[in-house]
Amino acid sequence: MSAALKRIEETREALVGALAERDWETIGKLDLACRACVDDVIRESTDAEPELRSNLEELLGVYRQLIDIAVGERQAIVDEMSQIQRAKNATKVYHLFG
């Protein structure tokens, strides 16, 4: 296994761990590292194409998971902000008539 493929695998595993903990700062750093690893693999001429394909498909699966979770987290924040806004509006009405 080439060094670049090994780095992709290690970065993918670290992404899975950070995703499980919802550590968004670490995920951002790992995303940048992962992009650099993929660039390195693309620049390398490798005879391990089946292994590369498998590794990249697994990485793609992690990114799909990441996107699904990020969208869910974003929606939860939107819902929470909506509740806060409704509570503020209710407080204003209460103070207006209270």
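The values are calculated or read from the model by the stated rules, or taken from the named source; none is laboratory data. Just so it is clear, the structure is predicted and the values come from calculations on it, not from any experiment. Note: ideal-geometry Cβ built from the backbone for every residue, glycine included; neighbour counts use all protein chains shown.
Structure summary
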| read-out | value |
| --- | --- |
| Matching residues in region 48-98 - criterion: being among the β-branched types (Val, Ile, Thr) and more than 30 Å from residue 22 (Cβ to Cβ) | 91, 93 |
| Residue in region 25-46 that is surrounded by 13 or more Cβ atoms within 10 Å (Cβ to Cβ), more than 27 Å from residue 72 (Cα to Cα) and among the acidic types (Asp, Glu) present | yes |
| Which numbered condition residue 95 fails, given (1) touching a Phe, Trp or Tyr at 6+ places or on another chain (Cβ under 9 Å); (2) of a type outside the set (Phe, Trp, Tyr); (3) surrounded by fewer than 11 Cβ atoms within 10 Å (Cβ to Cβ) | (1) |
| Unmet requirement for residue 86, which otherwise passes all of (1) loosely packed, with under 14 Cβ neighbours inside 10 Å; (2) touching a residue at least 40 places away in the same chain (Cβ under 8 Å) | (2) |
| Of all residues in region 1-24 being over 30 Å from residue 73 (Cα atoms) and among the aliphatic types (A, V, I, L, M), the one that is modelled with the lowest pLDDT | 1 |
| Any hit, region 13-25, residues being of a type in the set (Lys, Arg) and free of Cβ contacts under 8 Å to residues at least 12 places away in the same chain | no |
| Residue 9 in a helix (DSSP H, G or I), surrounded by 10 or more Cβ atoms within 10 Å (Cβ to Cβ) and of a type outside the set (Gly, Ala, Ser) | yes |
| Any hit, region 47-66, residues being part of a helix (DSSP H, G or I), out of contact with any Ser or Thr (no Cβ under 9 Å at 6 or more places or on another chain), among the β-branched types (Val, Ile, Thr) and surrounded by fewer than 13 Cβ atoms within 10 Å (Cβ to Cβ) | no |
| Members of region 18-44 that are within 17 Å of residue 7 (Cβ to Cβ) and outside any helix (DSSP H, G or I) | 44 |
